[in-house]
Each structure stands twice: as C-alpha cells, then as structure tokens.
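Structure, as structure tokens:
The values are calculated or read from the model by the stated rules, or taken from the named source; none is laboratory data. Owing to the predicted nature of the structure, the values given are computational and were not obtained by experimental measurement. Note that we place each Cβ from the backbone using ideal geometry, even for glycine, and neighbour counts take in every protein chain shown. Quick note on the areas: whole protein, heavy atoms, side chains included, nothing else; ligands and nucleic acids left out. Shrake-Rupley method; radii C 1.70, N 1.55, O 1.52, S 1.80 Å.
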Amino acid sequence: MKALIVTPAPKGSLVGNRHTAQRYARILREIGVRASVIERWDGTPCDLLVALHARKSAASIRHFARKHPLAPLVVVLTGTDLYEDTTDAEPVRESLDLASRIVVLQPEALAALDERWRGKTRAVLQSADRASGESRALEGVFEIASVGHMRGVKDPFLAAEAVKELPKETHVRVAHVGRALDRGMEARAKRESELSQGRWRWLGERTHGAVLHFLARTQGYVQTSYNEGGSIALAEAIVAHKPIVCTRIPGAIGMLGPNHAGFFEPGDAHALATLLERLESDAEWRAELIARSVELAPQFSFEREVEAWRSLLAEMGLCPERPRFRLTSFAPRIPAEDLAEAVRAGFAATPKTLPCRFFYDAEGSAIFEEICALPEYYLTRAEDEILARHADEILSLVPQGSQIVELGSGSGTKTRHLIAAAIRRNGRAHYLPIDISRSALEGAAVSLLSEFETLRIDAVEAEYREGLERLSTPGRAPRLYLWLGSNVGNFDRDEAAHFLGELSEHMESDDRLVLGVDRKKPEGILVPAYDDAQGVTARFNLNLLERVARELDARFDPSCFRHVALWNDAEGRIEMHLESRVDQTVRIEKLDLDVSFAEGERIHTENSYKYDDAQIEELARAAGLSMRRTFTDEQSLFSTCVLAPRLDLG
C-alpha cells in the first residue's frame with residue numbers, strides 16, 4: 001500500500017508543515033504503508049493521498065479527486081486554512097467537500113467548521129519530540145523560550161514589548177527562535193534585540209533538533225499567537241514539561257484545556273508582562289504550570305498519534321499489515337566478483353593482504369560465535385556486562401520510540417539488552433541491523449523475534465556505508481546507532497575517525513551512537529584473545545583461505561598455512577596474519593592466476609586497534625561528535641561510549 005503526503009512547504013524547509021508531513025510519513029511507515037512526501041500531486045499512482053493545508057494544496061486535492069473519485073483522500077487543516085480561510089475561500093470549501101476525512105490538530109477546531117464537515121472530521125493531536133540527554137540552563141538568567149517563524153498572525157514582538165515593563169531587578173530573558181519571513185520583520189527583530197538590552201533576543205532560525213535542546217534548557221515557554229491550528233512548538237513545550245504562558249485562543253485551549261492557569265488575552269503586552277514576572281517570582285504557581293504540562297504530555301506521544309492514524313485508515317477501509325521481519329539486500333555486485341577483485345589486488349601487494357570483511361560468510365559467522373564464548377575472548381563478556389547493567393540509562397539518552405540501528409550486528413546477542421530496555425520504555429522496539437552476512441541476519445531475527453513479541457526487524461544486507469545510505473530517509477524516527485564489539489578497531493585510526501565522521505552526517509541532533517571500544521591493556525591479556533588455546537580463532541582466520549578455495553576454485557591446502565596473532569606496540573594494535581609454512585605456489589582457476597608464497601611469508605588479514613581514554617576523546621572530536629557518557633566493565637577492560645552530534649544552540 002502506497003501513500004503520498006502533499007505539503008506546501010518545499011524540501012529542506014524548516015517550517016511546521018514540512019516537519020508535520022515528514023512525521024506523517026514516519027507514522028504511516030510505522031503502520032505498514034509506503035509513504036513519501038511531495039509538494040504537489042502529479043498523477044503518481046497511490047492508494048491514499050494526504051494533503052496538508054486545504055487552500056495551499058487545493059490544486060493537488062482537486063486533481064486527485066477528479067482522477068480517483070473513490071480513492072481515500074485526507075485533508076489536514078493546519079492553521080490559517082482553518083481559522084482564516086474557511087469563511088471566504090472557495091478552494092478551501094471545495095477541498096473540504098472532496099475530502100474522505102478531515103484531520104484537525106486539536107478538538108476545539110471542530111467548532112470552527114461548518115456542520116456539513118464535522119461528521120467526517122477527526123481531531124488528531126500532533127506527537128511531539130523531546131530533546132534527549134541533559135541540557136543545562138543558562139546561569140544568572142531566567143530564560144523563557146518563544147518559538148515560531150515571524151509573521152503577523154504570531155504577534156512575534158509582543159514579548160519584546162512586555163519585557164520593557166518588567167522591573168529592573170528581573171532576571172527574565174525571552175529568547176525567540178524562528179525565521180523572519182520578510183526584511184521588515186528581520187530589521188525589527190534586530191532592532192528589538194538591541195533596544196531590550198538582552199531581555200529579549202532573536203536567535204534566528206535553527207534546526208528542529210537544536211530547537212528541542214534550546215527548549216530543554218529554558219525555564220518557561222511563551223506563545224503569543226492570534227490563532228493556531230495546533231502548534232507543534234506548544235506541544236514540544238508541553239512534553240518538555242515547561243511552565244507555559246499563552247494567548248487564550250481556540251488552538252491553545254484545545255491543547256492546554258480551558259482552565260489552564262497561564263492564559264492571557266491576545267495582544268495584551270501588560271498582561272503578558274505580569275505573567276512573565278510571576279513565572280519568575282512565584283515558585284508555587286510555576287510548579288502548578290509544570291504539573292499541568294506533565295499531566296498533558298502523554299497525549300502528545302508518538303504511539304497515540306500512530307493509533308489515531310491507524311483508526312483513521314481503518315475507517316476508510318485501509319488496513320495495512322506490516323511484517324515483523326523484512327530483509328533487504330543492497331549488494332550492487334555479486335559477492336564472488338567482489339572477493340575476486342580483493343584477492344587479485346591483495347595478493348599482488350607487498351605484503352599480501354585480504355580484507356577482514358570477507359571473514360563473515362556463513363561458516364565464518366558461525367565460527368565467530370564460537371570465539372565470543374571462549375574464555376580468552378574477554379571482549380564479548382565485558383561489553384555484555386556493560387550493556388546488561390546500563391541499557392536503561394543508554395535508552396534514556398534518546399527520545400521515546402527511537403529506532404535501534406546496528407552496524408555489524410552478527411547474532412544480536414548483546415543487543416538483546418538494549419532491545420529489552422526499549423520495550424520496557426516504549427512497549428515495542430524497531431531494530432534495523434546492517435550486516436554483510438545474510439545468514440547472521442536471518443539467524444538473529446529468528447531468535448530475537450521469538451523472544452520479543454513486540455519487536456519489528458528491518459534487516460539490511462550491506463556493507464556499512466551502503467546500509468547507512470539506504471537508511472537515510474526523511475521524516476524518520478530518532479535513532480540509537482550501535483557499533484559494538486570493538487569493530488571500530490578494525491579501522492586504522494584515521495580511517496576510523498573518517499568513517500565516524502561519515503556516520504555523524506547521517507545523524508540528527510537527537511540521535512546517539514553507542515560505540516564499543518577495546519581498551520589498551522597488557523599483551524598477556526590481548527594476544528590470547530586472538531590466539532586461543534583451542535585454535536578457534538585460527539580456524540576463523542584460515543576460513544578465509546577456504547572461502548577463496550570454495551568460491552574462486554583455488555588450490556589452497558590450509559595445512560600449509562598457520563594462524564599468527566601478535567601485538568604491535570608501536571601502532572597500538574593486534575595484528576592477524578596467515579603465514580605460509582613452506583615455499584608454495586597456489587593456483588586460482590577463476591582468476592587464471594598463480595600466486596607464489598615463500599616460507600614464512602604472511603597474508604595480513606586483520607588489525608584490531610586498542611584505545612586509551614585520550615585516544616577515544618580524540619577519535620570523537622575528529623569525527624565531529626561529543627562524548628555524552630562512558631561506561632566500563634568492573635575490570636575496565638572495555639569501554640562503551642555514548643556519542644552525540646555537536647550542536648550550536650546560539
């Protein structure tokens with residue numbers, strides 16, 4: 001089932017209608033609908049059209065209804081089309097007549113509609129995001145947030161007028177975030193910032209994530225609009241548990257309730273000044289307003305909005321079902337060809353090499369699971385200990401409903417702790433593992449889905465970069481990225497920073513990265529972890545040659561090679577090699593290639609870099625990430641770091 005969402009806000013815009021359209025796409029995908037955001041309907045086939053703004057999207061609504069008169073059509077009234085356009089705009093009336101269902105963003109909006117439209121209208125509160133992690137309030141001021149693009153209906157300078165009436169000793173400072181929509185507004189915003197001497201300041205436009213962090217650090221929220229369809233910024237202030245002062249308008253009454261204690265009349269700067277002063281000085285009243293936001297916050301959850309849309313689709317006879325497991329492969333080349341190219345290049349190099357990514361065919365993945373259970377291989381146990389103990393803390397650093405994306409997921413054994421924590425927090429979890437081993441993805445899915453009934457898995461068979469690129473979709477949920485198992489150690493240090501920098505470019509401000517890093521420690525602990533007494537790691541390494549033999553028809557005798565693991569102190573890394581025991585020549589039929597090996601000659605197959613605290617910090621800095629938390633096991637063998645994109649909040 002396919003849905004198209006029409007919004008008048010262009011791609012890249014930070015205005016509310018674009019954000020709403022992207023959220024609706026995310027909601028419909030959650031339900032099981034393939035959803036895309038467009039700016040106008042051009043005849044592209046779809047099973048459902050959702051159009052934001054009855055007037056601005058009127059042409060698309062009319063075109064779709066004429067082409068598909070029986071197809072489901074949802075018109076969402078987002079603001080001006082509800083409170084300013086319905087009385088005299090023929091396109092709005094036509095759009096509402098053509099709609100199968102009408103969506104308004106708060107229940108008071110029903111009263112503004114003509115009786116003939118109310119029966120097919122549903123109030124669906126917008127879900128709101130909340131900044132993850134901690135945000136520290138500015139010292140020495142009582143900062144109050146105001147959020148919204150500057151246009152007349154928002155009365156954006158009312159707070160600037162109000163702060164002029166505050167007593168000299170006040171610490172109240174109002175900061176406004178939003179784009180000035182014309183030069184006159186911009187000039188006045190700059191002028192008011194100068195005249196207020198810091199009591200009112202304009203921060204300009206910010207990304208959605210930066211706005212959430214800005215809201216989190218403030219001590220109150222003010223809305224001054226003459227009308228609103230159902231302000232997403234107000235909803236975000238509610239879920240951030242902020243005390244709110246707001247104009248008494250239907251849009252706010254529908255969200256805050258008629259008895260909200262922080263209302264004032266539109267355009268009344270003196271009344272607003274009184275409330276701002278009280279917000280700072282009256283702790284009991286401020287606590288009452290905070291309690292009201294805490295009480296209302298669950299109404300603006302993503303889960304509630306999903307269920308409201310699920311019910312809406314069911315009313316129209318649309319009941320999509322989403323499978324609990326899907327696996328998508330993004331392998332542009334046949335793996336054997338990729339291996340062939342790597343073997344040809346690697347065996348021509350000095351020293352000879354084979355990339356470690358080829359370890360993980362079905363046999364190699366199974367052997368690696370044996371390695372993880374070895375007594376010498378401390379990495380898995382140490383990381384598992386950390387995740388078992390701190391999973392709930394880690395999940396608390398991302399918004400509710402966040403997806404879990406894992407690079408190099410393998411069997412997903414350690415990830416179970418985070419999935420369980422997500423289900424404890426949200427009631428469900430959405431897991432998106434990326435791995436080059438199809439068998440590992442399928443095996444993990446069987447195990448995880450049987451253990452967690454409310455888990456959904458969308459697996460991606462791909463290398464890291466390809467998988468991340470394919471998962472970069474607009475309007476997606478916040479994400480907790482996982483790169484566990486010290487896989488970062490397989491990259492040279494500069495390459496690791498570069499790759500993490502690429503990963504950070506896929507991250508939104510609320511996303512977090514959980515990075516597993518093996519710490520530097522004595523050689524007597526490190527080397528046995530890669531050269532165990534049972535020879536399991538040796539089998540894992542030698543399986544590379546057996547894979548070349550199987551897939552490229554090579555005449556390898558694995559007994560003529562031995563596994564070598566050593567500590568390179570200068571580079572701070574474990575190295576794995578395959579060493580020829582004798583002088584020999586190997587024939588590789590599919591490459592029409594003969595490769596000579598001298599006795600003692602090595603094929604370099606893997607590096608595993610180890611880090612100390614300073615090197616971990618430097619790695620994060622070089623990648624454009626900031627360290628939020630670091631956890632270690634009881635013996636301090638391993639570090640699990642939580643990293644975030646660096647933000648400029650202004």
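Structure notes:
- Scanning the stretch 520-533 for residues that are without any contact (Cβ under 8 Å) to a residue 60 or more places away in the chain, under 30 Å from residue 643 (Cβ atoms) and assigned to a helix (DSSP H, G or I) yields a count of 2.
- Set 77, 73, 28: member being under 25 Å from the mean Cα position of the chain (by Cα) and either modelled with pLDDT of 90 or more or not hydrophobic (A, V, I, L, M, F, W, C) (or both): 28
- Residue 539 vs. criteria among the basic types (Lys, Arg) and touching a helix residue (DSSP H, G or I) at 6+ places or on another chain (Cβ under 6 Å): yes
- Failed item, numbered, when residue 470 is tested on (1) touching a Phe, Trp or Tyr at 6+ places or on another chain (Cβ under 8 Å); (2) under 23 Å from residue 330 (Cα atoms); (3) at pLDDT 90 or above; (4) open to solvent by 10 Å² or more (accessible area, probe 1.4 Å): (3)
- Selection count, the stretch 502-523, where residues are at pLDDT below 95 and among the small types (Gly, Ala, Ser): 2
- Answer from 462, 440, 421 - the residue that is crowded, with 23+ Cβ neighbours inside 10 Å and either among the aromatic types (Phe, Trp, Tyr) or in contact with a helix residue (DSSP H, G or I) (Cβ under 8 Å, 6 or more places away or on another chain) (or both): 440
- Of all residues in the stretch 443-459 being of a type in the set (Asp, Glu) and touching a residue at least 12 places away in the same chain (Cβ under 8 Å), the one that is surrounded by the most Cβ atoms within 10 Å (Cβ to Cβ): 458
- Here residue 529 does not fit the description of being loosely packed, with under 14 Cβ neighbours inside 10 Å, among the small types (Gly, Ala, Ser) and closer than 29 Å to residue 498 by Cβ.
- Residue 273 meets each of the listed conditions (1) farther than 21 Å from residue 212 by Cβ; (2) open to solvent by 40 Å² or more (accessible area, probe 1.4 Å) apart from (2).
- When residues in the stretch 565-594 are screened for being farther than 23 Å from residue 516 by Cβ, surrounded by 19 or more Cβ atoms within 10 Å (Cβ to Cβ) and out of contact with any Gly (no Cβ under 8 Å at 6 or more places or on another chain), 4 of them pass.
- When each of 552, 545, 637 is tested for being closer than 24 Å to residue 496 by Cα and touching a strand residue (DSSP E or B) at 6+ places or on another chain (Cβ under 9 Å), the lone residue that passes is 637.
- Pairs, first on the phi > 0 side of the Ramachandran plot in the stretch 560-584, second of a type outside the set (Gly, Ala, Ser) and open to solvent by 20 Å² or more (accessible area, probe 1.4 Å), C-beta under 9 Å, six or more apart: 572/493; 572/520; 572/612; 572/615
- Condition met for residue 526 (in contact with a strand residue (DSSP E or B) (Cβ under 6 Å, 6 or more places away or on another chain) and farther than 19 Å from residue 571 by Cα): no
- Checking 29, 23, 34 one by one, the residue that is under 23 Å from residue 477 (Cβ atoms), among the basic types (Lys, Arg) and open to solvent by less than 30 Å² (accessible area, probe 1.4 Å) is 23 and no other.
- Elements of the type helices (runs of 4 or more DSSP H) sitting completely within the stretch 70-120 and holding at least 2 residues that are surrounded by fewer than 19 Cβ atoms within 10 Å (Cβ to Cβ): these cover 90-98, 115-118.
- Failed item, numbered, when residue 431 is tested on (1) of a type outside the set (D, E, K, R); (2) open to solvent by 30 Å² or more (accessible area, probe 1.4 Å); (3) within 28 Å of residue 298 (Cα to Cα): (2)
- Note on the stretch 542-556: residues that are free of Cβ contacts under 8 Å to residues at least 24 places away in the same chain and either open to solvent by 40 Å² or more (accessible area, probe 1.4 Å) or on the phi > 0 side of the Ramachandran plot (or both) amount to 1.
- Residue 434 under 23 Å from residue 368 (Cβ atoms) and in contact with a Lys or Arg (Cβ under 8 Å, 6 or more places away or on another chain): no
- Hits in the stretch 595-608 (condition: open to solvent by 20 Å² or more (accessible area, probe 1.4 Å) and touching a Lys or Arg at 6+ places or on another chain (Cβ under 8 Å)): 599, 601, 602, 604, 607
- Any hit, the stretch 171-188, residues being within 27 Å of the chain's Cα centre (by Cα), more than 24 Å from residue 273 (Cβ to Cβ) and of a type in the set (A, V, I, L, M, F, W, C): no
- Of all residues making up the stretch 54-64, the number that are open to solvent by less than 60 Å² (accessible area, probe 1.4 Å) and over 9 Å from residue 95 (Cβ atoms): 2
- Residue in the stretch 604-618 that is among the small types (Gly, Ala, Ser) and touching a residue at least 24 places away in the same chain (Cβ under 8 Å) present: yes
- Whichever residue in the stretch 1-20 is closer than 30 Å to residue 326 by Cα and among the aliphatic types (A, V, I, L, M) and, among such residues, is surrounded by the fewest Cβ atoms within 10 Å (Cβ to Cβ): 1
- Cβ pairs under 7 Å, 6+ apart, first in the stretch 15-38 and over 18 Å from residue 149 (Cα atoms) and in a helix (DSSP H, G or I), second at pLDDT below 90 and open to solvent by 10 Å² or more (accessible area, probe 1.4 Å): 22/474; 22/475; 23/475; 25/475; 26/475; 26/476; 31/320; 31/322
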